[in-house]
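Enquirer: Shown below is the structure under consideration.
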Amino acid sequence: MENLMEETNMDTFKGSDGQIDVEALYNAYRELREKTKHMFLIPDETTPTEQKQAFYRALGVPETSDQYEITCHHKLLSSDPQVNELLFQQGFTNKQVQAVYDLAATKILPIIEELAADYESDRQKEALIRHFGGEEKWNEVSRQLAVWAKQNVSPAILSALAGTYEGVMTLYNMMQSKEPKIMSNGQEKYTPTDEASLQKMMMDPKYWKEQDPDFVRQVTEGFRRLYPSS
């Protein structure tokens with residue numbers, strides 16, 4: 001407002017005789033009115049609620065937080081009522097709230113997923129270290145497995161097995177053991193010996209989630225038959 005007041009200094013409108021130039025003053029008034037027509041005051045703690053609401057409505061903030069229309073671009077994201085209410089209280093427009101969710105999908109979640117993958121990898125490695133009696137022994141087993149797998153296991157199978165404790169133990173048993181019989185109630189079970197069938201079995205929850213001992217042995221046996229140790 002100070003700039004506007006400076007622009008309307010009364011001395012500006014005095015003629016050489018010291019009298020007010022009414023026409024110049026009127027024109028300045030019209031110009032000032034046009035400038036102030038589009039001005040507004042940003043609400044603060046002292047602003048009445050109704051004025052605040054009118055201000056936010058003018059910006060495009062909905063009347064309530066549940067009126068935000070949000071599109072989540074990641075399978076792990078969903079509209080969160082508590083987050084939306086917090087953003088609503090801060091005067092976020094629908095476009096701004098959408099930007100927050102987009103930022104979470106493109107920047108934050110990938111970092112979380114990477115950290116989770118690193119954590120899971122470390123957890124699997126720690127289990128192997130404990131199983132083999134220490135990091136030094138595990139490093140030696142790991143070296144032997146790498147040499148053996150390079151000669152006996154296809155890259156696709158190695159990639160599928162090397163990422164988990166159970167998969168590494170399958171490789172280790174394939175390297176160490178001769179082909180055993182898989183028995184159940186005195187009957188030998190059918191064990192697939194083609195790679196596609198074995199990969200399909202590995203996707204079964206009984207293998208990767210429930211870790212059914214009998215089912216895991218079938219997968220292990222299949223790999224042994226498909227890639228016998230030299």
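Here, each number is a calculation from the coordinates, and none is a lab measurement. Everything numeric in this text was worked out from a predicted model, so none of it was measured. Positions of Cβ are generated from backbone atoms using ideal geometry, with glycine treated the same way; all protein chains shown enter the neighbour counts.
Enquirer: How many residues are exposed (fewer than 13 other Cβ atoms within 10 Å of the Cβ) and among the aliphatic types (A, V, I, L, M) when one looks only at the stretch 200-223?
Expert: Residues in the stretch 200-223 being exposed (fewer than 13 other Cβ atoms within 10 Å of the Cβ) and among the aliphatic types (A, V, I, L, M): 1 in total.
Enquirer: When the stretch 69-88 is examined, which residues are found to be within 20 Å of K52 (Cβ to Cβ) and in contact (Cβ under 8 Å) with a residue 24 or more places away in the chain?
Expert: F88 - this is the single residue of the stretch 69-88 that is within 20 Å of K52 (Cβ to Cβ) and in contact (Cβ under 8 Å) with a residue 24 or more places away in the chain.
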